[in-house]
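Please read the structure below before turning to the comments.
Just so it is clear, none of the values below were taken in a lab; they were calculated from the coordinates. Since the structure is predicted, the reported quantities are computational estimates derived from the model, not experimental observations.
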Amino acid sequence: YQTVSAGFDQSRQSGWPGWQRLLAQLPENRPLRVLDAGCGNGRLARFLAAAGIALDYTGLDSSPALLAAARRALAGTPGVRAAWLEADFIMNAEALPAGPFDLVALFGVLHHVPGSQRRERLIGELAERTARGGLLAFTAWRFMELE
């Protein structure tokens, strides 16, 4: 992502269709405390804010360029307080912020995590950061191809 961040950002401006279903599952807490692990250009935060949800949002990614794009895209968005963290949480799960969070999101990331044990550990670490009554939401792509 360090070399393709501009194209990645341009091609990923809208929310995923499945995120609409996510809205009905969200806890009622407002502002909603969100950890977006692998936040990329912050489009999940933009989607939630467009749905009228006040956010205390933490975007975490290893790409400085995508974090910069996310900062620009969310600057001045009403109802959004955002913090940005640059860290390689895939190789170092201890880099994840402590929480708790009402929503912990890991979208489009898990298939990049090498090895089933590391993936399981990451999911466990994210679950520990999910508040009681909160939601851990993640995608599992290519699960038939990977160990």
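Considering all different alpha carbon pairs of segment 14-145, the Kirkwood hydrodynamic radius works out to 14.8 Å. Full extension of the chain between L136 and A50 gives 28.9 nm of extra length, using 0.36 nm per residue less the Cα-Cα distance.
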